Each structure stands twice: as C-alpha cells, then as structure tokens.
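*Asks:* One structure is given below, represented as structure tokens, and several questions about it will come after.
The values are calculated or read from the model by the stated rules, or taken from the named source; none is laboratory data. The structure presented is a predicted model; accordingly, all values stated were derived computationally and were not measured. All Cβ positions, glycine included, derive from the backbone under ideal geometry; neighbour counts span all protein chains shown.
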Amino acid sequence: MLICQITDLHIKAARRRAYGVVDTAAMLEACVAAIAALAPRPDVVVATGDLVDYGRDDEYALLRELLAPLHMPLYLLPGNHDGRDALRRAFPDHPWLRQHDEFVQYAIDEYPVRLVAIDTQVPGHGRGELCARRLDWLEHTLAARADAPTVVLMHHPPFRTGIAHMDLIGLAGADELARVIARHPQVERLLCGHLHRSIHARFGGTVASVCPSPAHQIALDLTPGARDDFVLEPPGYQLHQWDGMRLVTHTAVLGDWGPRHPFRQSGRLID
Ligand SMILES: [Fe+2]
Ligand SMILES: [Fe+2]
C-alpha cells in the first residue's frame, strides 16, 4: 500500500498569496499534478491539516477545485487554520468527516494499513490539544483492531521540535497520547503536519513524523528565541510505502531539477 501525504496547503480565497508572498494555490496545483502523474499510483492521499488559511467556505471551495485532479481516495483532517463545519460542508461526499459528532476524527478500515485520524484543533488558537474525550475515542478505536497495522494522522506533532515559536503552539496532551500509543504496538507511525518541514522523533514506542508543505516551509532555526519566519525552500510531500512489514517513508521534492541521468551506458558505469 502506498500512502501519499500532503499537508499545510494554506489555500486562500481568490488565490490570494499567503503573507503577501506565497502563491499557495499555484504551488498546490504543481503538487497535485506531480502526484496525479506518479507511477505506481498512490492508493490514498492523506492531507494532515491547515488545508486552508482561515477556515472559510470560499477557501474550501477553491481547495476542492485544486484537489479535483487527484483520482484516488482523499482523507482530510483539520489543523489550527481550518474550520470543522466549513470543511464538512465543502466535502459532503466524505462521510467519514462526520464519524464523530464533535471532532473531525475517524477510522478507515478498507486498506492493508488502517488509517486513524485524530483532531488536535482548538478553535481560535494556533496550539493543539488532545482532551480526555478525544483520547478515549482513540484508545477504543485502536483497541477495536489490535491486529491491524495502523497509521495515526494528526496535525500538531506530539513532541517538541526545537523550533521555539512553533513549540509555543505545540500539542497539549502529548504525554497522555504517548501512553495510549504505547499500549497499541500496531501503530506503525504518527503522520503529522504543522511544522512545514520533514522532522522525525521516537514517540510512544513508535515514530512520529512531520511532512513538508507543498508551499512555504518554517525556517530551520534552533536558537532559543527563533523568530517566526518562513522560507521558500524546495517544497514537497511524502510517500509512505507499506511492504507488509514496515512503513518506509520517502520525501519527494517539488520543482524542475532537470532530467534523470543514467549511471551506466551499454551496461558499464560511465567513467
Ligand atoms: Fe501550517
Ligand atoms: Fe498548523
């Protein structure tokens, strides 16, 4: 099974640039075109939050248009920039967005790897939270299929990254989450967003990872008082391949890097 992850799309109405600089709509178009052309084709695409910038209906209408060329099942979840109700309104054909009455969290059981999405959003805030109600749901959902290799999808990563201004809007409830995850060793990975760059950490007996954005990346600055800047480094997405044993992750970089070059000619290494 091949899982494609995209995250932090930050689409704005009328294709306005984010922060006056980032053409997020054009950058998502380029990302979608790259994914649609992939061979082998991903079985699913998961989008781990900050799908739009202000959680508005007109932003989700544009998002829907931009994602339309993806002809594989698409699983969306909210980040701190999203609106649960507007997201549900824009995707009425995604019934799993309503599996839970309050939070946008759901389990998908149709694939060799089970997808379990949890909602870390706190409306009106940049930070995230996993309250007792969300964690209880996760505990019961994971316990229901202890035998199924599972990835947990969430927006806020559950660990301190060392990027100070992002850690200030990190996740409350991460210690409790670690205890839940540790009780369920079928969890192969926690796939996260929010940080707009590729980051990995050990967590709850498994690995938690963050996927880059197809638009802007958070500046890599590990100084204690790091300013909250972004940078237009090469954007990307990730491919997570399940081989029946483990989930292997590749980060794909978007952009024109020229043609592929052969190592060999007529079977011999080119000297
Ligand atoms: Fe974001
Ligand atoms: Fe975020």
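*Asks:* I'd like the full set of residues that are within 14 Å of ligand 1 (Cβ to nearest atom), in contact (Cβ under 8 Å) with a residue 60 or more places away in the chain and either at positive phi or among the small types (Gly, Ala, Ser) (or both), limited to segment 209-235.
*Replies:* Ser213, Ala215
*Asks:* Restricting the search to segment 1-41, which residues are part of a loop (DSSP other than H, G, I, E, B), over 17 Å from Arg197 (Cα atoms) and either among the acidic types (Asp, Glu) or in contact with a Pro (Cβ under 6 Å, 6 or more places away or on another chain) (or both)?
*Replies:* Matches in segment 1-41: Met1, Asp23.
This table checks each residue for (1) at pLDDT 95 or above; (2) under 17 Å from the mean Cα position of the chain (by Cα); (3) over 24 Å from Gly173 (Cβ atoms); (4) in a strand (DSSP E or B).
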| site | (1), (2), (3), (4) |
| --- | --- |
| Arg202 | yes, no, no, yes |
| Ala208 | yes, yes, no, yes |
| Thr223 | yes, no, yes, no |
| Tyr237 | yes, yes, yes, yes |
| Gln241 | yes, yes, yes, yes |
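*Asks:* Still on this model: Restricting to segment 184-194, give me the number of residues that are over 10 Å from the mean Cα position of the chain (by Cα) and either within 15 Å of ligand 1 (Cβ to nearest atom) or surrounded by fewer than 19 Cβ atoms within 10 Å (Cβ to Cβ) (or both).
*Replies:* 2
*Asks:* If you don't mind, there's one more thing I want to ask. What are the residues in segment 111-123 that are part of a loop (DSSP other than H, G, I, E, B) and either at pLDDT below 95 or within 26 Å of Asp85 (Cβ to Cβ) (or both), if any?
*Replies:* Of segment 111-123, the ones part of a loop (DSSP other than H, G, I, E, B) are 111-113, 118-120, 122-123.
Residues satisfying the conditions are Ile118, Asp119, Thr120, Val122, Pro123.
*Asks:* Out of segment 1-29, which residues are of a type in the set (A, V, I, L, M) and closer than 20 Å to Ala61 by Cβ?
*Replies:* Ile6, Leu9, Ile11, Ala13, Ala14, Ala18, Val22, Ala25, Ala26, Met27, Leu28
*Asks:* Let me ask something else. Filter segment 31-60 down to residues that are over 27 Å from Val122 (Cβ atoms) and either charged (D, E, K, R) or surrounded by fewer than 16 Cβ atoms within 10 Å (Cβ to Cβ) (or both), then give me how many there are.
*Replies:* Summing the residues that are over 27 Å from Val122 (Cβ atoms) and either charged (D, E, K, R) or surrounded by fewer than 16 Cβ atoms within 10 Å (Cβ to Cβ) (or both) in segment 31-60 gives 8.
*Asks:* What's the number of the condition Leu168 fails, among (1) surrounded by fewer than 14 Cβ atoms within 10 Å (Cβ to Cβ); (2) touching a Ser or Thr at 6+ places or on another chain (Cβ under 8 Å); (3) under 25 Å from Arg84 (Cβ atoms); (4) not hydroxyl-bearing (Ser, Thr, Tyr)?
*Replies:* (2)
*Asks:* Quick test of your reading of the structure: Pro95 fulfils all but one of (1) within 16 Å of ligand 2 (Cβ to nearest atom); (2) over 20 Å from Gly124 (Cβ atoms); (3) of a type outside the set (D, E, K, R). Name the failing condition by number.
*Replies:* Single failed check for Pro95: (1).
*Asks:* Now a separate question. Output the residues belonging to segment 124-183 that are part of a strand (DSSP E or B), farther than 26 Å from Leu239 by Cβ and touching a residue at least 60 places away in the same chain (Cβ under 8 Å).
*Replies:* Kept after step one, since they are part of a strand (DSSP E or B), are these residues of segment 124-183: 128-129, 150-153, 171-172.
If we keep only those that are farther than 26 Å from Leu239 by Cβ too, we end up with 129, 172.
Selection gives nothing.
*Asks:* Under 8 Å between Cβ atoms, which residue pairs at least 6 apart in sequence (or on different chains) link something in segment 186-206 that is within 24 Å of Leu232 (Cβ to Cβ) and of a type in the set (Gly, Ala, Ser) with a partner that is assigned to a strand (DSSP E or B) and within 16 Å of ligand 2 (Cβ to nearest atom)?
*Replies:* If the second residue must be assigned to a strand (DSSP E or B) and within 16 Å of ligand 2 (Cβ to nearest atom), the pairs left are Gly193/Thr48; Gly193/Val210; Ser198/Ser209; Ser198/Val210.
*Asks:* Related question: Which residue is surrounded by the fewest Cβ atoms within 10 Å (Cβ to Cβ), if the candidates are limited to segment 232-251 and must be among the aliphatic types (A, V, I, L, M) and within 19 Å of Ala39 (Cα to Cα)? I'd like the intermediate steps shown before the answer.
*Replies:* Going residue by residue through segment 232-251, those that are among the aliphatic types (A, V, I, L, M) are 232, 239, 245, 247-248.
If we keep only those that are within 19 Å of Ala39 (Cα to Cα) too, we end up with 239, 247-248.
On the way: Leu239: 17, Leu247: 19, Val248: 10.
Among those residues, the one meeting the criterion is Val248.
*Asks:* For segment 42-58, enumerate the residues that are under 19 Å from Cys211 (Cβ atoms), in a loop (DSSP other than H, G, I, E, B) and away from ligand 1 (no atom under 12 Å from the Cβ). Steps first, please.
*Replies:* Restricting attention to segment 42-58, the residues satisfying the condition of being under 19 Å from Cys211 (Cβ atoms) are 42-53.
Among the residues that remain, those that are also in a loop (DSSP other than H, G, I, E, B) are: 42-43, 49-51, 53.
Passing the criteria: Pro42, Asp43.
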